[in-house]
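Here's the structure we're looking at; comments come further down.
What follows is calculated from the coordinates using simple rules that are stated; it is not laboratory data. Since the structure is predicted, the reported quantities are computational estimates derived from the model, not experimental observations. Ideal geometry is used to build each Cβ from the backbone, glycine not excepted, and the neighbour counts take in all protein chains shown.
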Amino acid sequence: MAQSNMQSVAKEVPVETGVERKDRRKLSEMLTRIVASSHVLYGKVRGVHWNVVGPNFYSLHKMTEEQYEDLHTANDDMAERIRAIGFTAPTGLSTMIKNSVVTDETELLKTDEMVRELIEDHEKMAKLLREGVTEADSVDDPKTADMLTERIGVHEEAAWMLRATLS
Ligand SMILES: [Fe+2]
């Protein structure tokens, strides 16, 4: 009945697409770390977008807007990939912070300090994604590997663009 479906809670579902459960499970844990890190980074990029001051205001304000919009879309795709390989996506800000390689920042920093921190964060993301690609390749999941490969380049490019605003 429709009503009982509405009361259901998301849970693991069987997936028979050729990747073993234990491998999909491990991959879903890796994707959870990636989604969580990307989510924390999203929040930090917004913080810079709102609080940037100084001669590079306009370029950094625009650049961070492009970056958080990209993170928003990519994160949605990667969280949904976890569902597609049979597992449940992370929920709740504290879950994101707990599973993130990007450290949450609550202190308001100087603009150049915020930018330097974002550069490091994008580099951490690229590094984590590279591990993700290796893992996806090792269990023969080219779809996940493709998705994550694409993200490596985006973060490397974001780090370059931010670095170029610092003299
Ligand atoms: Fe805005």
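Among the GluC sites (Glu not before Pro) found in region 62-124, those both in a DSSP coil and sparsely packed, with 10 or fewer other Cβ atoms within 10 Å of their Cβ, are Glu107.
Counting only alpha carbon atoms, the long axis of helix 111-138 and the longest principal axis of the chain meet at about 30°. Modelled this way, with points 7 Å down the Cα-to-C-beta line, the labels at Val9 and Asp112 are 5.1 nm from one another.
Sites counted here are trypsin sites (Lys or Arg not before Pro) in a DSSP loop (not H, G, I, E or B) having no more than 11 other Cβ atoms within 10 Å; the longest part of the chain that contains none of them is 12-109. Checking the cross-link pairs Lys26/Lys124; Lys44/Lys124; Lys44/Lys143; Lys62/Lys124; Lys44/Lys98 against a 18 Å limit on the alpha carbon distance flags Lys26/Lys124; Lys44/Lys143; Lys62/Lys124 as lying beyond it. Here the Debye sum runs over all C-alpha atoms of the chain as equal scatterers in vacuum, and log10 of I(q)/I(0) at q = 0.08, 0.11 Å⁻¹ comes out as -0.27, -0.49. Ellipticity at 222 nm from helices only: DSSP H runs of n ≥ 4 in the chain, each -39500 (n - 2.57), divided by the residue count, give -25500 deg cm²/dmol.
For the charge dipole of region 1-55, defined by +1 on Lys and Arg C-beta atoms and -1 on Asp and Glu C-beta atoms about the Cα centroid, which residue among Val52, Leu31, Thr17 has the Cα displaced farthest towards the positive pole? Going by the charge dipole, the pick is Val52.
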